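In what follows, a structure is listed as structure tokens, so that the remarks can point back to it.
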Amino acid sequence: MDPSVSNPYQAPASTEPLFEALPDQARADYGIATRGSRLGASLIDTAIGLILLVPVQVYTGMYDGFPTMKPPAFPQSLLWALGGTAVWLALHGVFLARNAQTIGKKLVGIQVVNVSDGKPAPFSRLVLWRFLPVTLASQIPYVGSVLAMVNILFIFRSDRRCIHDHIAGTRVVDVLASPR
């Protein structure tokens, strides 16, 4: 076979630079957000969401029968998932569109950037590729919680990127330490 002819069935090559292949100094200069700062941002965002959602859930009777209550059935669980997504977008949408940061990320000084160019990730990439796939997968009964945990545990790899970062082609960086 002629080597100048490309194989139409060949998998596409990745455009992402391999973090592990960068020299140590380049990795240090990249300004990757610490695991602690990402955890802090996540805790802040979760607390804000809970402050808004839990009173509504109590009011609608979601916690009736606590602690022996059953999880909501399919139609109700879907409504709660859609409502939670709407609240998340209402809280963080403006911040994501402006500078690729949630409220928590803004407060701890970290930002989501494209791996390819280091620029703040666009809103569509953050919502459609970083947030939505993991949110949808987490709704799968029994398996969803395992998938969500595996997603989070990816942060313990050397590049500190969760599965949602790999899906979206993003990385979380320290705003002050990142080269621009």
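Only the coordinates and a few stated rules stand behind these numbers; no lab work does. Note that the structure is a prediction, hence the values are computed from the model and not measured. With ideal geometry, Cβ positions are generated from the backbone for all residues, glycine too; neighbour counts draw on all protein chains shown.
Observations on the model:
- Here the chain is treated as a sphere whose radius is the Kirkwood value from Cα pairs; by Stokes-Einstein at 25 °C and 0.890 mPa s it diffuses with a coefficient of 133 µm²/s.
- Candidates 117, 165, 45: whichever shows maximal mean-square fluctuation once the chain is modelled as a Gaussian network with Cα springs under 10 Å: 117
- Whether segment 123-180 is rounded, prolate or oblate, judged on the alpha carbon gyration tensor where a/c under 1.5 counts as rounded: oblate
- Listed by chain and number, the lysines placed with their C-alpha closer than 26 angstrom to that of residue 119 are 105, 106; residues fewer than eight positions away on the same chain are left out.
- Over all pairs of different C-alpha atoms, segment 33-130 has a mean inverse distance whose reciprocal, the Kirkwood radius, equals 15.1 Å.
- Size of charge dipole - the chain - debye, nearest 20, with Cβ of Lys, Arg +1 and Asp, Glu -1, no other charges: 360 debye
- Note on residue 81 and residue 7: the extension gain reaches 22.4 nm, defined as 0.36 nm multiplied by sequence separation minus the Cα-Cα distance.
- Each helix, a run of at least 4 DSSP H residues, gives -39500 (n - 2.57); summed and divided by the residues of the chain, these come to -15000 deg cm²/dmol at 222 nm.
- Selection among 139, 74, 85 by position relative to the dipole of the chain gives 85 as farthest towards the positive end (Cβ unit charges, Cα centre).
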